[in-house]
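What follows is a set of notes on a single structure, which appears directly below.
The values are calculated or read from the model by the stated rules, or taken from the named source; none is laboratory data. These figures come from a predicted structure and were not determined experimentally. For neighbour counting, all protein chains shown are included, and Cβ atoms are generated from backbone atoms with ideal geometry for every residue, glycine included. Protein only, heavy atoms only, side chains kept; ligands, DNA and RNA dropped before computing areas. Shrake-Rupley method; radii C 1.70, N 1.55, O 1.52, S 1.80 Å.
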Amino acid sequence: MKANKPIPVTSPLLPPLEEFVPYLERIWESRILTNGGSMHQALEKALCAYLGVEHIALFANGTLALVTALQALRVTGEVITTPYSFVATAHSLLWNGIKPVFVDVDPVTLNLDPARVEAAITPQTTAILPVHCYGTPCDVDGIDRIAENYNLKVIYDAAHAFGVRDGRGSVLRHGDLSVLSFHATKVFNTFEGGAIICPDARTKQRIDHLKNFGFVNETTVVAPGINGKMNEVCAAFGLLQLKHIDRALERRAQIDALYRRLLAGIPGLRCLRAPAGVEGNHAYFPVMVGDEFPLQRDELYQRMRDQQVLVRRYFYPLISEFPMYRGLPSAAADNLPVASAAARRVLCLPIHPDLGDADVERICALVAAPARVRAA
């Protein structure tokens with residue numbers, strides 16, 4: 001790759017175009033474009049097998065899946081969630097007329113801190129909405145214990161966690177529901193898409209009704225549903241993606257390992273790492289820019305972008321700092337010191353299957369240069 005060609009922080013996995021054509025031909029032959037056609041049904045079955053889950057409901061995107069998951073469990077009142085995430089996490093609550101209650105995150109995983117969750121519970125609390133940030137699993141045992149003690153629902157925003165496993169299997173099995181995103185920026189994409197992992201057939205049936213206007217059959221509507229269905233073209237693309245996903249995950253792991261080797265020992269720079277025993281998907285490569293590093297995070301961000309390395313500050317600002325949330329008592333910065341510090345310090349470096357070793361070496365050289373200048 002030429003030095004002046006931009007290196008994006010992510011790039012969608014795109015299998016060879018000629019492999020997609022036979023799928024499109026089958027759709028053209030069937031003339032079924034949506035409403036749970038054969039591609040849709042096949043992808044649900046294939047994903048259940050690949051992810052190690054029993055029931056999955058496909059959606060047009062992950063945000064609609066989050067909104068519907070809350071509807072499916074009839075969540076109301078207040079829901080405890082993280083300020084350190086993409087805005088869709090909290091937006092799904094507002095769209096359902098639910099009050100978000102932000103609590104701080106763990107300084108190592110940047111996931112919800114269970115101790116903070118428990119301290120924030122009120123009589124109005126009905127659920128917890130944690131995020132497996134960067135694909136690193138939450139403290140699921142701690143959250144499950146709190147949910148059981150206080151009779152709360154748990155919906156995991158697992159947008160980053162496709163294929164992630166711990167010592168007991170898929171992390172998607174935790175909570176009452178888990179929600180995936182298949183957006184183009186994700187490890188596994190269907191152009192646009194999402195899904196809800198369902199614990200049983202009855203829950204899946206309710207979710208399937210809610211994503212299709214509430215229809216049970218041609219003349220029966222049982223709920224005020226929406227149109228959240230995944231179309232046949234996106235489902236077909238997902239089926240093709242599954243044939244390539246293992247290679248993509250393997251390449252991501254190689255890039256992750258190369259970054260860690262090349263960035264090791266740089267003063268003030270810490271590479272975030274998943275806990276031991278976790279089989280991650282390497283969806284992101286976040287680094288923490290500390291006080292010992294010669295540049296502040298935003299200075300390093302600008303330096304990289306000036307060199308056409310399109311790093312991102314995921315997640316900055318915090319959700320709690322946006323206008324529709326900053327007035328909430330839980331959004332106060334002194335309530336969220338760890339999340340606030342992370343938002344000022346984390347920088348996500350490029351990682352995707354098409355990233356070459358030479359690109360990684362160039363990126364690391366740019367990151368390391370300020371430290372080398374100071375040492376000299």
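Identify, among Asn96, Gly225, Leu152, the residue whose Cα sits farthest towards the positive end of the charge dipole of the range 81-227, taking +1 on the Cβ of Lys and Arg and -1 on the Cβ of Asp and Glu, with the dipole about the Cα centre. Towards the positive end, the residue furthest out is Gly225.
Classified by the C-alpha gyration tensor, the chain has an oblate form. Its axis ratio a/c, with a ≥ b ≥ c, is 1.5 or above, and a/b does not exceed b/c. What FRET efficiency comes out for the pair Asp306/Ala253, r = Cβ-Cβ distance, R0 = 30 Å, nearest 0.05? That pair, Asp306 with Ala253, gives E of 0.50. For the chain, the relative contact order works out to 23 percent when only alpha carbon pairs closer than 8 Å and six or more residues apart are counted. Each other residue within a Cβ distance under 15 Å of Thr203 adds +1 if Lys or Arg and -1 if Asp or Glu, for a net charge of +2.
For n ≥ 4 DSSP H runs only, could you compute -39500 (n - 2.57) per run for the chain, divide by its residues and tell me the 222 nm figure to the nearest 500? Value at 222 nm, helices only, nearest 500: -11500 deg cm²/dmol. Approximating the spin labels as points 7 Å out from Cα along Cα→Cβ, the Leu17-to-Leu33 distance works out to 2.1 nm. Legend: residue pairs Lys45/Lys99; Lys186/Lys211; Lys45/Lys229, Cα-Cα distance threshold 24 Å; pairs beyond threshold, Lys45/Lys99. Each Cα pair under 8 Å and six or more residues apart adds its sequence gap; the mean of these over the residue count of the range 204-278 is a relative contact order of 16 percent. The phi-based Karplus calculation (6.51 cos²θ - 1.76 cosθ + 1.60; θ = phi - 60°) puts the 3J(HN,Hα) values of the range 132-148 at 7, 5, 6, x, 7, x, 5, 6, 5, 5, x, 5, 4, 4, 4, 4, 5 Hz, whole numbers, x for Gly and Pro.
In this simple spin-label approximation, Leu24 and Thr220 carry label points 7 Å from Cα along the Cα→Cβ vector, and these lie 4.0 nm apart. Looking only at the chain, where both bridge partners belong to it, what percent of the DSSP beta bridges are antiparallel (to the nearest 5)? Of those bridges, close to 60 percent are antiparallel. Taking amide hydrogens as placed 1.01 Å from N in the peptide plane, the amide H of Gly290 sits under 5 Å from those of Leu269, Arg270, each at least 5 positions away in sequence or on another chain. What the Cβ-Cβ distance of Asp354 and Glu279 gives, at R0 = 30 Å and to the nearest 0.05, is a FRET efficiency of 0.85. Packing, taken as the mean count of other beta carbons within 10 Å per residue, orders the peptides 226-239, 88-101, 332-345 from highest to lowest as 226-239, 88-101, 332-345. Summed over the residues of the range 2-62 and divided among them, the accessible surface reaches 59 Å² per residue at a probe radius of 1.4 Å.
Taking amide H as placed 1.01 Å from N in the peptide plane, Ile56 has its amide H under 5 Å from the amide H of Cys198, each at least 5 places away in sequence or on another chain.
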